[in-house]
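K.L.:
Got a structure for you, questions after.
What follows is calculated from the coordinates using simple rules that are stated; it is not laboratory data. Treat the numbers as computed from the prediction; the structure is a model and nothing was measured. In this analysis, Cβ positions are derived from the backbone assuming ideal geometry, glycine residues included, and neighbour counts consider all displayed protein chains.
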Amino acid sequence: MDLEKIIRDVPDFPKQGIVFKDITTLLQAGDAFRQALNRMMKKYLDEDAGIDKVVGIEARGFIFGGVLAYKLGCGFVPARKPGKLPYRSVREEYTLEYGSNALEVHEDSIRPGERVLVVDDLLATGGTALAAARLVEKLGGEVAGIEFLVELSFLHGRDRLSAYRVHSLITY
Ligand code: AMP
């Protein structure tokens, strides 16, 4: 199945000049969604990678991260936009392909020494995933890998994440 062709390009969203990779077309195609998830988790299952937590990045990272955590039998930690989490949190600022923002996780969501897999739908400039990785490290966790469905290789986000083991399923 050609997952690459199932993802829809939406030009000029959310801003002029951005080609938005709309993954909802993949999510709504059951076989494609399942295949994407199976392929994303295969190496972690094969390796018995000893993942303690999956950190999913708001919002589309929750969709993939939640399933990965379930299949790996580990905990799930939502990395959320500022002000959404109810309990004491740690924060990391970052820049986006189209703006800037911050991510937060609860301060007790990751324990020192835990092996953590960071998951998001798409790697663009890498700022978002780097912020999530830094949050893991702030809490003493070890980033075991960063997993994406899609990578926009022409934005060279992988260079910013060179300290980590990065995988993506579909590269444009
Ligand atoms: P970045 O921090 O630049 O790697 O941006 C990655 C985050 O922004 C991910 O959470 C993506 O969902 C979203 N994003 C950035 N650029 C795009 C794009 N062209 N199409 C879809 N989502 C994008």
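K.L.:
Could you please state, rounded to a whole Å, how far the C-alpha centre of segment 98-172 is from the C-alpha centre of segment 1-56?
P.N.:
That distance is 15 Å.
K.L.:
Continuing with this model, one more query. Could you grab the relative contact order for segment 15-87? Cα pairs under 8 Å, six or more apart, rounded to a whole percent.
P.N.:
26
K.L.:
Which lysines have a Cα less than 17 Å from the Cα of LYS53, not counting those fewer than 8 places away in the same chain?
P.N.:
Of all the lysines, those that pass the test against LYS53 - Cα under 17 Å, at least 8 places apart if same chain - are LYS42, LYS43, LYS71, LYS138.
K.L.:
Using the number of other C-beta atoms within 10 angstrom as an exposure proxy, rank TYR94, TYR87 with the fewest first.
P.N.:
Ascending number of Cβ neighbours within 10 Å: TYR87, TYR94.
K.L.:
Picking from PRO14, PRO112, PRO78, which is most flexible by a Gaussian network model of the chain using Cα springs under 10 Å?
P.N.:
PRO14
K.L.:
Just want to confirm a number: the relative contact order over the chain, from Cα pairs under 8 angstrom separated by 6+ residues, in percent. Intermediate values should be presented prior to the final figure.
P.N.:
Numbers: 341 pairs, mean separation 30.4, N = 172.
It comes to 18 percent, rounded to a whole number.
K.L.:
Right, another one. Calculate, for SER162 and GLN35, the FRET efficiency according to 1/(1 + (r/R0)^6) with r their C-beta to C-beta distance and R0 25 Å; round to the nearest 0.05.
P.N.:
Efficiency for this residue pair is about 0.30.
K.L.:
Continuing with this model, one more query. Sort PHE64, PHE76 so the one with the fewest other Cβ atoms within 10 Å of its own Cβ comes first.
P.N.:
Fewest-to-most ranking of PHE64, PHE76: PHE76, PHE64.
K.L.:
Counting other beta carbons within 10 Å of each residue's own, what order do MET41, MET1 fall into, fewest first?
P.N.:
Starting with the residue having the fewest Cβ neighbours, the order is MET1, MET41.
K.L.:
Further question on the same structure: Would you work out if segment 1-54 is rounded, prolate or oblate? Take a ≥ b ≥ c from the square roots of the eigenvalues of the alpha-carbon gyration tensor; rounded if a/c is under 1.5, else prolate when a/b is larger than b/c, oblate otherwise.
P.N.:
It comes out prolate by the Cα gyration axes.
K.L.:
Which residue, VAL116, ALA102, SER168, has the largest displacement toward the positive end of the dipole of the chain when charges sit on each Cβ (Lys, Arg +1; Asp, Glu -1)?
P.N.:
Going by the charge dipole, the pick is ALA102.
K.L.:
Mind checking which aspartates and glutamates have their C-alpha under 17 Å from LYS21, skipping anything on the same chain fewer than 8 residues away?
P.N.:
Leaving aside aspartates and glutamates fewer than 8 places away in the same chain, those within reach of LYS21 are ASP2, GLU4, ASP9, ASP12, GLU58, GLU97, ASP120, ASP121, GLU147, GLU151.
K.L.:
Just to be sure I follow: if Rg is taken over the C-alpha atoms of the chain and Rh is the Kirkwood radius over the same atoms, what is Rg/Rh?
P.N.:
Checking Rg against Rh, the ratio lands at 0.95.
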